[in-house]
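Below is one structure; the comments refer to it alone.
Coordinate-derived values only; no laboratory data. Not measured: the values here are computed from a predicted model. When we count neighbours, we look across all protein chains shown, and the Cβ atoms used for this are built from the backbone with ideal geometry, even at glycine.
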Amino acid sequence: MKSAAIRRWYIVHKWSSLIPTLFLLMLCVTGLPLIFHDEIDVLAGEDYEARLAGIPSAEGGVPLDTMLSRALADRPREVPLFMAFSPDSPLLTITTGPSPDAPGSAMTLLFFDRASGTPLGPAPTGGFMDFILQLHTDVFLGLPGMLLLGAMGLLFVVALVSGAVLYAPFMRRLDFGTLRLGRSKRTGWLDQHNLLGIVALAWMLVIGLTGAINAFADPLTDNWRNTELAAMTSAYAGAAPLSPDRYGSLDMAMAAAQAALPGRSPQFIAFPGGSYSSAHHYAVFFQGDTPLTQHLLTPALIDAQTGALTDARAMPPINQALMMSKPLHFGDYAGLPLKIIWAALTLATVWILWTGVLLWLRRRPGAVERRVAEIASGASGELA
Amino acid sequence: MMKPRRPARSLGQAFAWPLVLAISTVAGLLLGLTGDGLPDFAAWVLLASAPAALVVAWGRRQDNKK
């Protein structure tokens with residue numbers, strides 16, 4: 001590689017790393033406990049799923065209309081927003097709010113045992129893990145915070161690509177895995193930075209890209225609602241929004257949805273007027289029926305007043321990518337060993353960020369050419 | 001003392017191991033999504049290749065001044 005090219009890639013790598021470094025360090029530190037949120041919930045005694053016995057709420061139990069009336073009795077003057085099911089336990093959650101388009105901060109999440117119909121009270125909120133999750137998702141800034149972190153994720157991807165490009169000239173005369181820790185500190189940092197970076201590269205790319213897609217979840221969902229969903233429900237385009245007192249039977253709606261998408265497990269129902277439905281429909285989201293497609297949700301749109309099917313259509317590719325991004329980012333889809341590997345690679349990422357900061361902070365004075373020569377020679381000409 | 005200069009590696013040589021690890025990582029990530037049981041086990045083994053490479057490299061680190 002010509003030194004002019006190394007110089008260009010070096011500048012790209014430097015700025016695409018330096019700008020997001022503090023954010024990425026925060027994301028690694030907050031991401032570590034989030035990997036183990038299931039295990040932490042169990043320790044905190046907040047694991048309702050394990051305590052409830054009976055038919056999974058996605059398969060049956062007390063009628064949905066009965067469950068909803070119990071939730072609304074608990075939250076008078078509020079309207080239903082979401083009802084979510086578990087494929088493993090009788091846990092059923094119902095979200096209510098002051099209006100159909102209420103923001104997340106105004107929503108209340110209630111837990112129920114659908115097998116017995118018992119209310120379990122509001123979901124525990126405001127704990128340590130909620131704090132960590134908020135910090136990790138949007139640094140407490142809402143949508144602008146999510147978009148900011150999404151942009152940092154994209155810069156991270158640029159840093160990874162430019163770093164991989166610079167790996168080539170650096171390693172021209174070095175064996176894979178070289179760690180020269182007995183020479184100058186700088187050579188040691190360079191070797192650690194290069195080795196950890198190239199070994200964890202594929203994982204970091206996946207985490208960076210899926211994290212960035214997740215950060216753009218709200219605009220992507222809005223876009224689906226305004227285009228695809230609007231097209232599916234175009235017959236209702238001129239009608240005034242359906243008022244909550246005219247909502248029809250949920251059980252009839254579920255039966256119509258399951259007739260349209262048979263053999264699939266429902267994950268949640270979005271009520272009319274919210275982010276995931278039109279102003280006139282129950283949107284019943286079903287999981288795919290194979291392990292690979294279980295994360296891909298397909299909505300069946302049911303007229304909320306009559307209980308008749310309007311349409312059922314797969315989500316567009318970008319929204320499918322968003323749904324697949326969640327498990328790939330969280331690492332929670334293949335048991336505890338996967339989570340431990342996730343944690344190990346997160347720690348490796350922290351060390352890459354840290355050695356990168358050190359290499360920048362402790363650079364000796366001199367023009368960028370010095371750094372370029374260092375990369376081109378694999379730091380071999382360096383005097384300690 | 002300068003050691004004799006080693007011949008430069010081709011791009012393919014420099015990226016041989018990184019490519020193996022990247023393919024193993026991505027295969028592990030995707031296999032884990034395809035089901036429980038055996039696919040999960042395969043995912044763990046494939047994904048563990050990256051941390052394992054780091055352990056091996058650490059075992060071969062050069063500590064002494066040469």
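Might you report the magnitude of the Cβ-based charge dipole of region A:1-96 about its Cα centre, with Lys and Arg at +1 and Asp and Glu at -1, to the nearest 20 debye?
For this selection, approximately 1080 debye.
Just counting partner chain Cβ atoms within 10 Å, what average do the residues of peptide A:289-300 show around their Cβ?
That works out to 2 on average.
With only alpha-carbon pairs counted, each pair once and no self-pairs, how large is the Kirkwood hydrodynamic radius of region A:323-378 in angstroms?
After inverting the pairwise mean of 1/r, the radius is 14.2 Å.
Would you give the gap between the C-alpha center of region B:37-66 and the C-alpha center of region A:236-280, rounded to a whole Å?
49 Å
Take the Cα radius of gyration of region A:96-218 and divide it by 2.2 N^0.38 Å, with N its residue count; two decimals is plenty.
Taking N as the residue count of region A:96-218, the ratio is 1.64.
How big is the dipole moment of chain B about its Cα centre under a simple scheme where the beta carbon of each Lys and Arg is +1, that of each Asp and Glu is -1, and everything else is neutral? Debye, nearest 20, please.
Here the size comes out at about 900 debye.
Could you work out, residue by residue across B:16-24, how many beta carbons of other chains sit within 10 Å of that residue's beta carbon, and then give the average as an integer?
4
Please give the Cα centre distance for region A:285-362 versus region A:147-163, rounded to the nearest Å.
About 18 Å separates the Cα centre of region A:285-362 from the one of region A:147-163.
I need the phi-derived Karplus couplings for region A:23-29: 6.51 cos²θ - 1.76 cosθ + 1.60, θ = phi - 60°, integer Hz, Gly and Pro marked x.
Once θ is set to phi - 60°, the couplings for region A:23-29 become 5, 5, 4, 4, 5, 5, 5 Hz.
Return one number: the angle in degrees, 0 to 90 and rounded to the nearest 10, between the long axis of the Cα atoms of helix A:64-74 and the longest principal axis of the Cα atoms of chain A.
Result, in degrees: 80.
In region A:289-381, which trypsin sites (Lys or Arg not before Pro) are in a loop and have at most 12 other Cβ atoms within 10 Å, using DSSP for the loop call?
In loop regions of region A:289-381 (DSSP not H, G, I, E or B), the sparsely surrounded trypsin sites (Lys or Arg not before Pro) are A:Arg362.
Dipole size in debye (nearest 20) for chain A around its Cα centre, Lys and Arg Cβ +1, Asp and Glu Cβ -1?
Dipole of chain A, to the nearest 20 debye: 2480 debye.
Given 25 °C and 0.890 mPa s, compute D for chain A with the Stokes-Einstein relation, Rh being the Kirkwood radius over Cα pairs; round to the nearest whole µm²/s.
Roughly 104 µm²/s, to the nearest whole number.
Sorting check: for A:98-106, A:167-175, B:16-24, which peptide has the highest mean count of neighbouring beta carbons within 10 Å, and how do the rest follow?
The densest-packed peptide leads the list: A:167-175, B:16-24, A:98-106.
Quick check on packing: order A:250-261, A:123-134 by the mean number of other C-beta atoms within 10 Å, highest mean leading.
Going by the mean number of other Cβ atoms within 10 Å, highest first, we get A:250-261, A:123-134.
Under 25 Å between C-alpha atoms is the cut-off here; go through the protein assembly as shown and count lysine pairs that meet it, provided they're at least eight residues apart or on different chains.
9
If the convex hull of the alpha-carbon atoms of region A:231-384 is projected onto planes in all directions, what is the mean projected area in square nanometres?
Projected over every direction and averaged, the Cα hull of region A:231-384 covers 16.2 nm².
Output the DSSP H helices from chain B with an along-axis C-alpha extent of no less than 20 Å and a mean Kyte-Doolittle hydropathy no less than 0.5.
Passing helices, by number: B:16-33.
Grab the DSSP H runs of the protein assembly as shown that are 4 residues or longer, score each as -39,500 (n - 2.57), total them, divide by all residues and round the 222 nm result to the nearest 500 deg cm²/dmol.
Result for the protein assembly as shown: -16500 deg cm²/dmol, rounded to the nearest 500.
For labels at A:Ala4 and A:Asp65 in the simple 7 Å Cα→Cβ model, what's the distance in nm?
7.7 nm
Ordered by packing density, taken as the mean number of other Cβ atoms within 10 Å over each peptide's residues, highest first, how do A:5-14, A:139-148 rank?
For the peptides A:5-14, A:139-148, the packing ranking is A:5-14, A:139-148.
Can you pull the mean other chain C-beta count within 10 Å for peptide B:41-47?
Across the residues of B:41-47, the mean count of other-chain Cβ atoms within 10 Å is 4.
To the nearest 0.05, what FRET efficiency results for A:Met252 and B:Val45 with a Förster distance of 41 Å applied to their C-beta separation?
0.25
How long is the gain from A:Ile19 to A:Leu148 if the chain were fully straight, where each residue apart is worth 0.36 nm and the alpha carbon distance is subtracted?
Gain on stretching A:Ile19 to A:Leu148: 45.3 nm.
Mind checking which of A:Ala115, A:Ala367, A:Ala283 has the largest fluctuation in a GNM of chain A, springs on alpha carbons under 10 Å?
With Cα springs under 10 Å in chain A, the top fluctuation among A:Ala115, A:Ala367, A:Ala283 is at A:Ala367.
Expected output is a single nm value to one decimal: the length gained when fully extending between A:Trp360 and A:Asp101, i.e. 0.36 nm times separation in residues minus the C-alpha distance. What is it?
Length gained, A:Trp360 through A:Asp101: 88.5 nm.
May I ask for the Rg/Rh ratio of region A:1-144, computed from Cα atoms with Rh as the Kirkwood radius, given to two decimals?
1.19
From the Cα gyration tensor of region B:15-56, with a ≥ b ≥ c the square roots of its eigenvalues, which class applies: rounded if a/c is under 1.5, or else prolate if a/b is larger than b/c, or else oblate?
oblate
Lys/Arg Cβ at +1, Asp/Glu Cβ at -1, dipole of region A:117-229 taken about the Cα centre: which of A:Asn226, A:Met129, A:Pro119 is farthest positive-ward?
So the residue we want is A:Met129.
What residues have an amide H closer than 5 Å to that of A:Ala312, excluding those fewer than 5 places away on the same chain, when H is modeled at 1.01 Å from N in the peptide plane?
Under 5 Å from the amide H of A:Ala312: A:Leu301.
Can you compute 3J(HN,Hα) from phi for each residue in region A:272-285, using the Karplus curve 6.51 cos²θ - 1.76 cosθ + 1.60 with θ = phi - 60°, rounded to whole Hz and x for Gly and Pro?
Here the 3J(HN,Hα) series is x, x, x, 5, 10, 8, 7, 7, 10, 10, 7, 9, 9, 8 Hz.
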